[in-house]
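Asker: Below you will find the structure I want to go over with you.
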Amino acid sequence: MAIFGLVIGSYILKSYRGRMGTMVQQALIWVLIFLAAVIIYGFKEQLQSQLFPSQGVMVSDDTISISRARDGHFYADILVNNVRIEFVIDTGASEIFLSSQDAQKVGIALETLIYRGTADTANGEVRTARTTLKTLEFSGIVDKNVRVLVSEGQMSVSLLGMTYLRLFERFEIIDDKLFLHR
């Protein structure tokens, strides 16, 4: 290894003979690139939570961390039937509610739904239809055959309510982070 390093070092010194300033400048650039890569890798969880606040970060084998969004809510990007859907985490909602737009995105045929239920929302009462999702995957945790309600009313975002949160052992908010523990 030492001989190999000596050969490469000799080649570099010979190539930059008379241009030592250029060699030092380029070496410093490469050192800075390497240090930046190490720093980014070391702080990847913090960077991910800041750049993509609605993506949960696995902080251990059984704990997901979500950063609070600027509007004060916690959002979660969840794969529903392998389609990414954004939910607002709503402890005031008893069920998982899909907006009709999100239901269509994940392959639910709205014309086949039977709207038998009702739900009281901030916008008044809406009719709901019960259906089952094949898969719900959040930060590597996969749940199958998850029962949800599809809202007939207008919703700007789907709601992740207590029926999903009860699948976790506990959840807690510390500062601007929501931790979900399985």
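Just so you know, all these numbers are worked out from the coordinates, no wet-lab data involved. If you're wondering where the values come from, they're calculated on a predicted model, not measured in any experiment. Ideal geometry is used to build each Cβ from the backbone, glycine not excepted, and the neighbour counts take in all protein chains shown.
Asker: What residue among THR132, THR91, THR112 shows peak mean-square fluctuation when the chain is described by a Gaussian network model with Cα springs under 10 Å?
Answerer: Its mean-square fluctuation being the largest, the pick is THR112.
Asker: Match the structure shown to one of the listed values (1) 1.10; (2) 1.59; (3) 1.04 of Cα Rg over 2.2 N^0.38 Å, computed from it, and give that label.
Answerer: Given (1) 1.10; (2) 1.59; (3) 1.04, the structure-derived one carries the label (2).
Asker: Assuming 0.36 nm per residue, please report the length gained on full extension of the stretch ILE8 to VAL142 beyond their Cα-Cα distance.
Answerer: Details: separation 134, 0.36 × 134 = 48.24 nm, distance 5.02 nm.
Between ILE8 and VAL142, full extension yields an extra 43.2 nm.
Asker: Rank these for me by crowding, ARG84, ARG68, going from fewest to most other beta carbons within 10 Å.
Answerer: The fewest-first ordering by Cβ neighbours comes to ARG84, ARG68.
Asker: Roughly how many Å is it from the Cα centre of the stretch 80-99 to that of the stretch 154-182, as a whole number?
Answerer: Comparing the Cα centres of the stretch 80-99 and the stretch 154-182, I get a distance of 10 Å.
Asker: Grab the other residues whose beta carbon is less than 11 angstrom from that of HIS181, score K and R as +1, D and E as -1, and report the net.
Answerer: -2
Asker: Now a separate question. Quick query: amide H of GLY153 versus all other amide H atoms, modeled in the peptide plane; which residues come in under 5 Å with a sequence gap of 5 or more or a different chain?
Answerer: Sorted by chain and number, the residues that satisfy this are ARG127.
Asker: Per residue of the stretch 137-151, in order, report the coupling 6.51 cos²θ - 1.76 cosθ + 1.60 (Karplus, θ = phi - 60°) as ³J(HN,Hα) in whole Hz, putting x for Gly and Pro.
Answerer: 10, 10, 6, x, 8, 10, 10, 10, 6, 8, 7, 9, 10, 9, 8
Asker: With the chain treated as a Gaussian network of Cα nodes joined by springs under 10 Å, which of LEU113, LEU35, LEU149 yields the largest mean-square fluctuation?
Answerer: LEU35
Asker: Once you compute Rg and the Kirkwood Rh from C-alpha atoms, what is the Rg to Rh ratio for the stretch 2-42? Walk me through the numbers before you get to the answer.
Answerer: Values: Rg = 13.1 Å, Rh = 11.7 Å.
Radius of gyration relative to Kirkwood radius: 1.12.
Asker: Name the residue farthest towards the positive end of the dipole of the stretch 53-181 from the options VAL83, ASN123, HIS181, assuming +1 on Cβ of Lys and Arg, -1 on Cβ of Asp and Glu, about the Cα centre.
Answerer: Value: VAL83.
Asker: Mind putting a number on the dipole of the chain about its Cα centre? Charges go on the C-beta only, +1 for Lys and Arg and -1 for Asp and Glu, and I need it in Debye to the nearest 20. List each step's numbers first, then the result.
Answerer: Details: 18 positive and 19 negative charges, 191 e Å.
So the dipole magnitude of the chain works out to roughly 920 debye.
Asker: Net charge near ARG127, counting Lys/Arg +1 and Asp/Glu -1 over other residues with Cβ under 10 Å of its Cβ? The partial results should precede the final answer.
Answerer: Details: positive: ARG116; negative: GLU125, GLU152.
Result for the local shell: -1.
Asker: Moving on to the next point. Rank MET162, SER151, THR63 by how far each Cα sits towards the positive end of the charge dipole of the stretch 53-181 (+1 on Lys, Arg Cβ; -1 on Asp, Glu Cβ) and give me just the farthest.
Answerer: Looking along the dipole axis, the top candidate is SER151.
Asker: Let me ask something else. If the chain between ALA36 and HIS73 were fully stretched, how many nm would it gain, using 0.36 nm times the residue separation less the Cα-Cα distance? Intermediate results must be reported in sequence, preceding the final value.
Answerer: On the way: separation 37, 0.36 × 37 = 13.32 nm, distance 3.19 nm.
Length gained, ALA36 through HIS73: 10.1 nm.
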